[in-house]
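Input: a single structure, listed below in structure tokens.
The values are calculated or read from the model by the stated rules, or taken from the named source; none is laboratory data. None of these values were measured; they are calculated from a predicted model. Note that we place each Cβ from the backbone using ideal geometry, even for glycine, and neighbour counts take in every protein chain shown. The area values use the complete protein model at the heavy-atom level, side chains included, leaving out ligands, DNA and RNA. Shrake-Rupley method; radii C 1.70, N 1.55, O 1.52, S 1.80 Å.
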Amino acid sequence: MEHFKETDLNNSEIKILVVDDREDNLFSIETILELGHYNIVKATSGRAALKILLKEQDFSLILMDVQMPDMSGYETAALIYEREKLKDIPIIFITAHNYGEDHVFKGYRIGAVDYIYKPINPDLLRAKVDVFVELYRKNQTLISHERRLLAINNDLQKEINDRKVSEEKVRSLNEQLLENNIYLKAMNEDLDRYAYVASHDLQEPLRKIMIFSDKILSKRIEDDEINTYLTKIVNSSKRMQTLIEDVLRFSRHNTQPADFSRIDLNVLMRDVLHELDFEIEKTRPVININPLPEIWGIPVLIHQLFLNLLSNAIKFSNKREEPLIQVSSMMITPDSNGNFRNKVPTVRYHQISITDNGIGFDASYSDEIFRVFKRLHSYHEYTGTGIGLSICKKIVEQHDGFISAEGRLNEGATFTIELPEKKFN
């Protein structure tokens, strides 16, 4: 059901239109009313007032001089009250002459609500304006209540209708849910078996790559460049074999305390950079890494987390300037009330930020960017599957942490990871 708040206009939202052909009179009235902090709109003629009222109709009061050249206050008021949207705005005439009752009645017949005579008594003007402002406030409150009641009535009627339809849908969905649960359970069992077989089978060609690479290296090839590349192949193969084994082990059971260990992020980051040396050599970014903390984590997953984030920072560099990547860390503590946004009170967090000056992204995609297969750039421009950041999010959540992204198009991006100083359990 939709919720409404009470109409509570402050004085700066109260608009008063003052119409007088003399600037000194306009200034005088504005000065008298300045203590009320109202929004004063001034017009130097009847025609100017009508132009303003064509665009703005939310005035609480009009103060109008009677004697004006070209179009009098009475003529202006008559034209104002011809418009349906303006007929409820009260008009107080300001005049320096007392022409008698007939003249006054003429103003009342047009629709005026009061007169003020010059020279203006400041206290009297303020008192009358305050009365009509209060009436305007009460009227706006009544209008708000009426809208609220109408909306509530419509919501109730819709809720009744929806509930009748929903009850039938719920029965149907419950039956479908039971069927889907059975189907998903069977699918999960099949996927577990498939993941195990696939991971197991991937290790066989890796072993052959490692064996044949070692044999080639043992031949004492004199070309240093070939030896370097072969060494990289062997190291990458070993890394992939370890990764497959760890992912296989991790996928077959829930996270256990024994999976966690102390990780020096400075050492881990050096390993990550070494693994990315080909990309770094190709793009040649400036990478500044401030001292990083030790954390509790699952080493293979934390390695994958930072590998994905740094790889993205290098990949999505801005070709118009030298790529710059900054990695920094700080400790976050709860505030004096023990509040820590949506985190666990009293637990401190390591906040690690990876900032680049690359192509960035539209800030409106800050949440969507972590969805599986969500890509913000063309396949033809940048390689990738669209899974990397969703994996990062899953890894961080597996460590009871949080990850967020901020970006501006063509100005770079910052990925912020927050990991607890120690495990909760």
Requested in this report: Note down the relative contact order for the range 92-189 as a percent, whole number, built from C-alpha pairs under 8 angstrom at least six residues apart.
Outcome: 21
Requested in this report: Roll a 1.4 Å probe over the protein heavy atoms and report the accessible area of LEU150 in Å², nearest 10.
Outcome: 100
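Give, as a single signed number, the net charge of other residues whose beta carbon lies under 14 Å from the beta carbon of LEU324, with Lys and Arg counted +1 and Asp and Glu -1.
Working: positive: ARG284, LYS319, ARG320; negative: GLU321, GLU322, ASP356, GLU411.
Net charge in that neighbourhood comes out at -1.
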Query raised in the report: All other residues with a Cβ under 14 Å from the Cβ of ASN174 taken together, and with Lys, Arg as +1 and Asp, Glu as -1, what is their net charge?
Result: -2
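Checking the table LYS51/LYS118; LYS85/LYS128; LYS238/LYS422; LYS42/LYS106; LYS282/LYS422 against a 28 Å threshold on Cα-Cα, which pairs fail? Working shown, then result.
Details: LYS51/LYS118 26 Å; LYS85/LYS128 23 Å; LYS238/LYS422 30 Å; LYS42/LYS106 25 Å; LYS282/LYS422 38 Å.
Check vs 28 Å cut-off fails for LYS238/LYS422; LYS282/LYS422.
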Report summary line: Once phi for every residue in the range 203-217 is put through the Karplus expression 6.51 cos²θ - 1.76 cosθ + 1.60 (θ = phi - 60°), the whole-Hz ³J(HN,Hα) values, with Gly and Pro written as x, are 6, 5, x, 5, 4, 5, 4, 5, 5, 5, 5, 4, 5, 5, 4
Report task. Go through 82-93, 204-215 and give me the packing order, highest mean Cβ count within 10 Å leading. Result -> 82-93, 204-215
Report task. Order LEU17, LEU301, most accessible first, counting only protein heavy atoms with a 1.4 angstrom probe. Result -> LEU301, LEU17
